[in-house]
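All remarks here apply to the structure that follows.
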There are 2 protein chains.
Amino acid sequence: MSDTPVVRIDGERLLASLRALGQVGALDGGGVCRLAFSDADRLGREWTVARMRELGLRVQVDAIGNVVALYEGRESLPPVMIGSHIDTVRTGGLYDGNYGVLAGLEVVAALREAGLRTRRPLAVAFFSNEEGARFQPDMMGSLVYVGGLPLQQALATRGIDGSTVGDELDRIGWRGDAPVGAPQVDSYVELHIEQGPVLDRLGVQIGVVEGVQGISWSEYTVTGVSNHAGTTPMAMRHDAGLVAARATVFARELATRLGGAQLATVGALALTPNLVNVIPNRAVFTVDLRHTDAATLAQAEREFEAFVQAAAEAEGARCERRSLARFDPVHFDPRVVDRIEQEARALALSHRRMPSGAGHDAQMLARVCPAGMIFVPSVGGLSHNVREHTEPADLVQGAQLLLQVVRRLADRP
Amino acid sequence: MSDTPVVRIDGERLLASLRALGQVGALDGGGVCRLAFSDADRLGREWTVARMRELGLRVQVDAIGNVVALYEGRESLPPVMIGSHIDTVRTGGLYDGNYGVLAGLEVVAALREAGLRTRRPLAVAFFSNEEGARFQPDMMGSLVYVGGLPLQQALATRGIDGSTVGDELDRIGWRGDAPVGAPQVDSYVELHIEQGPVLDRLGVQIGVVEGVQGISWSEYTVTGVSNHAGTTPMAMRHDAGLVAARATVFARELATRLGGAQLATVGALALTPNLVNVIPNRAVFTVDLRHTDAATLAQAEREFEAFVQAAAEAEGARCERRSLARFDPVHFDPRVVDRIEQEARALALSHRRMPSGAGHDAQMLARVCPAGMIFVPSVGGLSHNVREHTEPADLVQGAQLLLQVVRRLADRP
């Protein structure tokens, strides 16, 4: 950035703002709970928008509660957007989502204090209900923003407590009047904690995110025959739990064989009747398959399903699959990815190209503009956990990199 | 039985009495619930003892609620006892336990109507809380009867609903004053449905039970590390669920390799946090190992534990084992077993020597006298199930065999 004055993030203020927002909906013993459209979410929104107004930003709220704050540019062009979310899971940490939004506000604050405006405007956004912990699907606000989910359908979504998004938005007073999908965005950058162990384990400061893995969630129901564990010869059994166990072992084998970016997890399993001396007649389990390559992901899905069917058949059991969720892999725009890598190098930050394992609003924005993401390390890979932690130095470095990247994007010819 | 007049069981009356007792505590849609020391158990006891008194039997109740009805013999000797239980599991059938008691009463009724008395007295007993569905351990009444569990300890046992055996016995009015363990028994025969599929599958009418399998129940707790399914590379995982799955698959391999009478079942399993996109950090599962041979059972226990420890270690997880129950195999007295086989042959009933996979009061009585059991087929092997069923002809044949056997035992010199 030899041609422009150096502008530095105020690290202490960034950390203070993370702590302050973390007090809204704070849990005893640490962590935070600000489920989407809850009273805690309302208070979090009020706190964040007050900060936006302090910075003199023009704030608009759309009909699904997405909030966009604009910092005018030197020219009237589509803005470069910095975005993420401020809702959390039930036992969330201080950084997931919040970090990207508050770092975005610090970027604006730093430029403002330096008396600088970029060629294109900057926008700092937080999207509604990224977590999907109360209302499904997750990434709801950004999905509506990019036209991937009709507004009326989103508003009618019923949550785990029976309420609807629309009613809850009205109740907390955050159904806005800005047009959904406005403003049109020039490009989008999201700064986020990794939520995985890779950067922490490798001691790398910055993850240059190339895309988001494709995700396939299925639920399998295996139906065998329940019988007495003490009187049923092994050869006469139809053990649904054994089929689930074989599938779990196969998931690991499959991921290891496909190698590299392939992930496979059996995270949930319920046996019926679940008694020590009764052969299970029913096993319901989930498999979470992820890969950055669409064809490999589809192969993993096919192989896994074929295996479970064959294992069920061999045991004299039946098996049914239900898709719970499916997203194809997302590839971020090379112009944004390369820019992040170049600026990380310029700041002498160690960095590594990597996929995102988790879903993020950036993958929705990637449908309508060049988008990319910056990761900073999560200590121990913990996230969605009250012990979620990122070292202060990493948080500040990530925000500084964000500043350099969006400034470059916004100032480009 | 060439030297004695033929005495025939009244099959219709036996079946009618099974149906009648099955009305006590009947469940809507079939089956019965008479948990030990419940009001339904009290009504079942009243019904059964009324039938005993109709037959002119002397009824005594001991301090744990075991009931013994005596039919005097020609000489004052220790009686030959026919026993079982009338308590049921929560979703029980009409035959488990009840059949052995009511068939015993039909044996006495048939002899009485024929004006016959055996040399030794006959005793028909039902033991308290055989099922252990409300108060553990199971076979409690017969265990106390043979001195294997101190009376006071049994009375102080707290059930799944918080009440104690002693309080519940008092509440239903069935804490008796007969000395525990009286009378001393000459020999013991128990007639029972198989509760397994072997006789039904093979089309064999009678199981000549040689003993009861040894039982080993363990609970394993595997502790790994919970992490995001989308961001944690396969090589960095410590998946407690995978260890449980490997153990489940190994249980089947182990039983198949040891062959024959070896049984191994993983019946219960709970994952934590049990979410589709989170690697389980905790898996708690049970294994039920059974064998008729003590040394083989001990080998299976050792091999299984070693496998789970090694699988946990390979996954970077920890593993703890807790014993839930352990019974060595029981071998019934050859004099009783051979007698049952001879009488089955004399009645031209197809028969097969076999172990019992389930626990029965007979294994407790075997500690103090020669004991044995007769099995009749269970359709589909179903038991502890409202659909438990045995064909009427099989029920009547079993009772006829019981009559022949106890008459021989009671009349022997």
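DSSP beta bridges confined to chain A are antiparallel in about 70 percent of cases.
Largest GNM mean-square fluctuation across B:L403, B:L269, B:L382, computed for chain B with C-alpha springs under 10 Å, falls on B:L269.
The dipole here belongs to the protein assembly as shown: it is taken about the Cα centre, uses +1 on the Cβ of Lys and Arg and -1 on the Cβ of Asp and Glu, and is about 340 debye. For A:N66, the residues whose modelled amide H falls within less than 5 Å of its own, excluding neighbours fewer than 5 places apart on the same chain, are A:S128. Based on alpha-carbon atoms, the Kirkwood radius and the radius of gyration of segment B:1-71 give Rg/Rh equal to 1.07. If R0 equals 25 Å, the separation of the Cβ atoms of B:R90 and B:A50 corresponds to a calculated FRET efficiency of about 0.50.
Taking the Cα centre of chain B as the origin and placing charges on Cβ (Lys, Arg +1; Asp, Glu -1), which of B:L35, B:V212, B:L169 is farthest toward the positive end of the dipole? Selected residue: B:V212.
Adding -39500 (n - 2.57) for every DSSP H run of four residues or longer, then dividing by how many residues chain A holds, sets the calculated 222 nm ellipticity at -11000 deg cm²/dmol.
Applying the Kirkwood pairwise sum to the alpha-carbon positions of segment A:196-259 produces a hydrodynamic radius of 16.1 angstrom. For segment B:316-327, 3J(HN,Hα) computed residue by residue from phi via the Karplus equation (6.51, -1.76, 1.60; θ = phi - 60°) reads x, 10, 9, 8, 10, 10, 10, 7, 9, 6, 8, 10 Hz, glycine and proline entered as x. Each copy carries A:S350; placing its label point 7 Å along the C-beta direction from Cα gives inter-copy distances of 7.5 nm, listed from smallest up. Dipole magnitude for chain B: computed about the Cα centre from +1 point charges on Lys and Arg Cβ and -1 point charges on Asp and Glu Cβ, it is near 240 debye. Residues of segment A:196-239 whose accessible area, computed with a 1.4 Å probe over protein heavy atoms, drops by at least 30 Å² once all protein chains are present relative to their chain alone are A:P197, A:V198, A:R201, A:W217, A:N227, A:H228, A:A229, A:G230, A:T231, A:M234, A:M236, A:R237.
Where q = 0.17, 0.19, 0.21 Å⁻¹, what log10 of I(q)/I(0) comes from the Debye formula for segment A:263-413, counting one point per Cα? The calculated log intensity ratios at q = 0.17, 0.19, 0.21 Å⁻¹ are -1.10, -1.25, -1.39. Under 5 Å between amide hydrogens, built in the peptide plane, is the criterion, and for B:T118 it picks out B:R74 among residues at least 5 positions away or on other chains. In this simple spin-label model, placing a label point 7 Å from the Cα along the Cα-to-Cβ direction at both A:A348 and B:Q299 gives a separation of 6.8 nm. Over the protein assembly as shown, the hull volume per residue, using the convex hull of the C-alpha atoms, is 161 Å³.
Once the 1.4 Å probe is applied to the protein heavy atoms, the protein assembly as shown comes out at 36 Å² accessible per residue. With the label put 7 angstrom out from Cα along the Cα-to-Cβ vector, B:A295 ends up 5.9 nm from the copy partners, going from closest to farthest. Taking every DSSP beta bridge that has both residues in the protein assembly as shown, what percent is antiparallel when rounded to the nearest 5? So the antiparallel bridges amount to about 70 percent of the total. Rounded to the nearest 0.05, what FRET efficiency do B:L324 and A:R8 have when you use their Cβ-Cβ distance and R0 = 56 Å? Approximately 0.35, to the nearest 0.05.
The distance between label points at B:D170 and A:A393 comes to 7.0 nm (points 7 Å beyond Cα on the Cα→Cβ vector). Sorted from shortest to longest, the distances between the A:G173 label points of this copy and the other copies are 6.8 nm, with each point 7 Å from Cα along the line through the beta carbon. Distance from the A-onto-B rotation axis is smallest for the Cβ of the chain A residue given, in whole Å, as A:A245, 2. Across segment B:103-183, how large is the tail of the calculated P(r) beyond 19 Å, expressed as a percent of all Cα pairs? Result: 47 percent of Cα pairs exceed 19 Å. Shown for the protein assembly as shown: the carbon plus sulfur share of the solvent-accessible area, taken with all protein chains present and a 1.4 angstrom probe, equals 49%. Given a 1.4 Å probe and no ligands, DNA or RNA in the count, how much accessible surface is buried by A and B, both sides, to the nearest 100 Å²? Using a 1.4 Å probe on protein heavy atoms, the buried area is about 4400 Å². A dipole drawn for segment A:100-243 from +1 and -1 charges on Cβ atoms has a positive end, and of A:A154, A:F135, A:A109 the residue lying farthest that way is A:A109.
Dimensions of segment B:7-147 from C-alpha coordinates, computed as largest minus smallest value along each principal axis and given longest first, are 43, 37, 18 Å. Karplus-based coupling profile of segment A:290-295, in residue order and whole Hz: 9, 7, 7, 10, 4, 5, with θ = phi - 60° in 6.51 cos²θ - 1.76 cosθ + 1.60 and x standing for Gly or Pro.
Measuring how big chain B is from its alpha-carbon positions, Rg and Dmax come out at 23.3, 82 Å.
The values are calculated or read from the model by the stated rules, or taken from the named source; none is laboratory data. Because the structure is a prediction, the values reported are computed rather than measured. All Cβ positions, even for glycine, are placed from backbone atoms using ideal geometry, and neighbour counts span all protein chains on display. Ligands, DNA and RNA are excluded from the accessible area calculation, which covers all protein heavy atoms including side chains. Shrake-Rupley method; radii C 1.70, N 1.55, O 1.52, S 1.80 Å.
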